[in-house]
Amino acid sequence: MKIIVNYLARTSAFVLLSLSVSAADDSSSQIRWWSDAADQALHQSGTNRAALVRVLNETPVAQHAPMQFLVENMPERDLETLPADLLRENTDLAMTAFASAPWHDQIPSEIFLNNVLPYCCANETRDHWRQTLHDLSAPLIAGCATTGEAAQSINAKLYPLVKVKYSTKRKKADQSALETMGSGLASCTGLSILLIDACRSVGIPARLVGTPMWVDNRGNHTWVEVWDNGWHFIGAAEPDPKGLDHAWFEHDASQALKNSPNHAIYAASFHKTGVAFPLDWAPDIHWVSAENVTDRYTPAAPSAEGDKVRLMVEVLDHLAGQRVVAKISVTEITNSNVHFEGMSRGETSDKNDLVPFEVPRGATFMVRAEGNGLVAGREFISGTNNQPVVVIALSDTTLFQFSSQACCEPEVVNDDLKPDDESKLRQSLTDFFTASAERQLAWKFSRGEEKLLLEHEPAVRHVAWEVYKSAPIHEAMKKDFDAKEVRFQQYTSPYVVRTVGTRPAQGWPLFIAMHGGGNTPKEVNDSQWKIMQHYYKDHPELGGYLYLALRAPNDSWNGFYDDYVYPLVDNLAREFFLFGDVDPDKVFIMGYSHGGYGAFAIGPKEPDLFAAIHASAGAPTDGETTGKTLRNTIFTCMVGENDTMYGRFERDQKFRDTIRQFKGGRSDIYPVNVQFIPGNGHTGLPDRDEIMEMYPAVRNAVPRELTWLMTDGVIKDFFWLRTGSPGKQNEIDAACHDNHVVVTTSGNVTNATVLLDSRLIDFQKPVTLDLNGHTSTQKLHPDLRVLCQTMERRGDPELSFTAELPLPLENKSK
């Protein structure tokens, strides 16, 4: 049987070749027949060159074009190490299977070469899979007339046949087909490679497709595309009764962002494209080629879903346990007619395959799960996050979860600046950040740069942060970071930091842990610090984080709660924002005993710095701790009912009652929980898993309502408020809705500024200010100098703003 393959080589004269699999064509030539591109590739093969040249010389004329294609496009690693006999075997089996396939005349030559012929999909182990998978798959497609029909048949029948299932306990993500069949377990990538290789073994064009991260940052995913008069997607080991182009991830894929490397969709290609397939499991490998195929998955125009939230629900058998199948109901609390039901996914489903519910935005729901004879549930408020995730543990109905954890969605930068505009902007920003303070005060950016800020604020903020991080003004702090210490004035704290798990896409979360001790000899505090270095249990399954055990800067009672501590902690966070690849919206602080008192002091004074705060065996300090500032920040504390020394138990009871008064009848503010442990004293609290409970939290840097009761003369910035003269018992209450800013002050607040940007107001409209009952209106404009100044002051991209609104206040002490 003969087949015709049109192959236009980049550097050869092959245009039309008749490829035969008959014995008559089994001849070889000792004259170099391959292209200059293939010969150039051979120069990269090192000691493997002789074997590859031997196989090329022995290649029948009928196989010249496919063999040349493979050699031209082989990764350098394969040129150096791939057994030449495997290359020959692969080509023989691929052409034989393709020649006997009923659809071979309908497959374009370039599709055959790139998606049937290759011996690999990505970076998996190279092994002899073709004959094994052909023998398994050929019977499964008997009677199939099209590649699509055949691929669906393999997808439905092969995995049960070889006893392979999805599992996060697989040995590695990038398993080859034979490795997957040997272990019986595979990730979505391993399952996809198995399906692709099975398809290719019987002449069906198939390729690996995936995204580094869904737009909601829930995780990555990999799947398969098969050629059937065009490319069509299919979930590996997830046959859909509706056929091709249907899978649980359809909606997620439709939200992909073509111009965002982390959120685009890519199809792997053996042919070199100049674009790298992002390997989430091997981020340092860039030699797997790809095409950006996002347009195939996303709608031509965005759909109008502004009034809906896609709620995702996962059910576990216990905390940090396994996923289980359970009945889920979602009911709006104030309107039981708004009711949804579904079934959760178990361990054999992809970890990102969560049951979705399209629920109205801005409503409060009870999410309830029933399974294994257990019932658990919790409230959920559909906020600004378009795709929140709620996790329910059946065996722990008391797990404390704040609805506000699901209400913050990080800003996504997807409007890239023009290269020329960005280059000029970077230079101007570099000049600013290296200028003296006097020059910065009078600095003026160009009109064009200010226009960029108005039209592309997230992108400009991102560029400004990159320039600020790389500016040569952080030398002293970099020395401290390298020495693993942080300082403020004469106070210095060393720390120990270690990595747990793998880096999330947005950067490392940072957990700051503070030790017990206090007013004791240095060796005792050192011992407590050493314990804290491993006190909280590691949870790498959560997605990865940095764990930092901070040593108090002295051995006094107030080592973690005095005026020098707060700027020291600011500097610690800044160190890791600048040099530690930390996600500014995922910083946590926690501590036990002496460290618990520190959490009670630091957290309420600087809630804008943290995603969540936890204190164990600590208590509020009179005059230093106020729960009033915790309107928008998760704060938890745990104390034993018998921990009565220094009034800890009683103080925490009073703190709990005060928070309840602040909340009033609202459930969307003051996400604070005080947990009392029956029969427990000062030591031995069951808090070793606090990282697991805190990890889902994400800081909201720009909440719409603020309450700032000052307790010192040190803290001058609070979310989007600033005062140059902080003082105890001074208070500012502020709200920003629909370009209407309402501010009420009490005490002796003599000066204050409201900081704004497009996350809070629309600059196209005037801003109304209601200050202590007096109303005024003005037009604000974003100012690049303000963005840079606030970024320098806070050292935090999310607490950097573009406009200042000074408040006309009177000095009440006169």
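The values are calculated or read from the model by the stated rules, or taken from the named source; none is laboratory data. Because the structure is predicted, anything quoted here is derived from the model rather than measured. All Cβ positions, glycine included, derive from the backbone under ideal geometry; neighbour counts span all protein chains shown. Keep in mind that these areas ignore ligands, DNA and RNA; they rest on the heavy atoms of the full protein, side chains included. Shrake-Rupley method; radii C 1.70, N 1.55, O 1.52, S 1.80 Å.
Table: residues versus (1) in a loop (DSSP other than H, G, I, E, B); (2) within 28 Å of L279 (Cβ to Cβ); (3) open to solvent by 10 Å² or more (accessible area, probe 1.4 Å); (4) touching a Cys at 6+ places or on another chain (Cβ under 7 Å).
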residue	(1), (2), (3), (4)
P66	no, yes, no, no
D85	no, yes, yes, no
L93	no, yes, yes, no
P118	yes, yes, no, no
N123	yes, yes, yes, no
H128	yes, yes, yes, no
L133	no, yes, no, no
P139	no, no, yes, no
G143	yes, no, yes, no
With the first residue restricted to segment 101-119 and required to be under 18 Å from D197 (Cβ atoms) and of a type in the set (K, R), and the second required to be at pLDDT below 95 and buried (at least 22 other Cβ atoms within 10 Å of the Cβ), Cβ contacts under 8 Å at 6 or more apart or on different chains are none
request  = Considering every residue within segment 600-617, establish whether at least one is in contact with a Gly (Cβ under 7 Å, 6 or more places away or on another chain), open to solvent by 10 Å² or more (accessible area, probe 1.4 Å) and more than 20 Å from L685 (Cα to Cα).
outcome  = no
For T626, the lone unmet condition from (1) crowded, with 24+ Cβ neighbours inside 10 Å; (2) within 26 Å of N730 (Cα to Cα); (3) in contact with a Pro (Cβ under 9 Å, 6 or more places away or on another chain) is (1)
Within segment 631-648, the count of residues that are open to solvent by 50 Å² or more (accessible area, probe 1.4 Å) and among the charged types (D, E, K, R) comes to 1
Those residues of segment 736-748 which are in contact with a Lys or Arg (Cβ under 8 Å, 6 or more places away or on another chain) and buried (at least 21 other Cβ atoms within 10 Å of the Cβ) amount to C736
Counting only residues in segment 656-715 that are open to solvent by 50 Å² or more (accessible area, probe 1.4 Å), outside any loop (DSSP other than H, G, I, E, B) and in contact (Cβ under 8 Å) with a residue 60 or more places away in the chain, the one farthest from P607 (Cα to Cα) is identified as Q675
Taking segment 312-330 and keeping residues of a type in the set (V, I, T) and closer than 21 Å to N386 by Cβ leaves V313, I328, V330
Exercise. Go through the residues of segment 154-175 one by one and say whether even a single one is surrounded by 22 or more Cβ atoms within 10 Å (Cβ to Cβ), in contact (Cβ under 8 Å) with a residue 60 or more places away in the chain and more than 26 Å from H246 (Cα to Cα).
Key: no
Reported set for segment 592-620 where residues are under 18 Å from P567 (Cβ atoms), assigned to a loop (DSSP other than H, G, I, E, B) and out of contact with any strand residue (DSSP E or B) (no Cβ under 6 Å at 6 or more places or on another chain) is E606
Any chance segment 330-344 includes a residue that's under 25 Å from the mean Cα position of the chain (by Cα) and at pLDDT below 90? no
Note: among A617, A601, just one is closer than 20 Å to Y535 by Cβ, over 25 Å from the mean Cα position of the chain (by Cα) and without any contact (Cβ under 8 Å) to a residue 60 or more places away in the chain, namely A601
Among G230, G219, the single one that is among the small types (G, A, S), open to solvent by less than 40 Å² (accessible area, probe 1.4 Å) and farther than 22 Å from P278 by Cα is G230
For segment 214-256 the number of residues that are under 13 Å from T294 (Cα atoms) and among the aliphatic types (A, V, I, L, M) is 3
Test: V754 is within 15 Å of K716 (Cβ to Cβ) and of a type in the set (A, V, I, L, M, F, W, C): yes
Among (1) more than 27 Å from the chain's Cα centre (by Cα); (2) among the charged types (D, E, K, R); (3) under 19 Å from D127 (Cα atoms), D240 falls short only on (3)
Contact list, first residue from segment 362-375 and surrounded by fewer than 19 Cβ atoms within 10 Å (Cβ to Cβ), second anywhere and among the polar types (S, T, N, Q), beta-carbon distance below 6 Å, six or more apart or interchain, is A363/S382; M366/T331; R368/S329
Taking segment 350-370 and keeping only residues that are over 13 Å from M312 (Cβ atoms) and either of a type in the set (V, I, T) or outside any strand (DSSP E or B) (or both), one is left with R361, G362, A363, T364
Would you confirm, using the coordinates I've provided, whether K728 is loosely packed, with under 15 Cβ neighbours inside 10 Å, modelled with pLDDT of 95 or more and part of a loop (DSSP other than H, G, I, E, B)? no
Of I634, I659, the only residue that is out of contact with any helix residue (DSSP H, G or I) (no Cβ under 6 Å at 6 or more places or on another chain) and among the aliphatic types (A, V, I, L, M) is I634
Flagged in segment 487-511 as among the β-branched types (V, I, T), closer than 22 Å to P212 by Cβ and in contact with an Asp or Glu (Cβ under 6 Å, 6 or more places away or on another chain), in numbering order, are V500
Scanning segment 336-345 for residues that are without any contact (Cβ under 8 Å) to a residue 24 or more places away in the chain and not aliphatic (A, V, I, L, M), the one surrounded by the most Cβ atoms within 10 Å (Cβ to Cβ) turns out to be F340
Taking segment 744-791 and the residues there that are among the small types (G, A, S), assigned to a loop (DSSP other than H, G, I, E, B) and within 19 Å of G724 (Cβ to Cβ), the one that is modelled with the lowest pLDDT would be G747
Output yes when any residue across segment 749-767 is under 27 Å from L441 (Cβ atoms), open to solvent by 20 Å² or more (accessible area, probe 1.4 Å) and among the charged types (D, E, K, R), and no when none is. yes
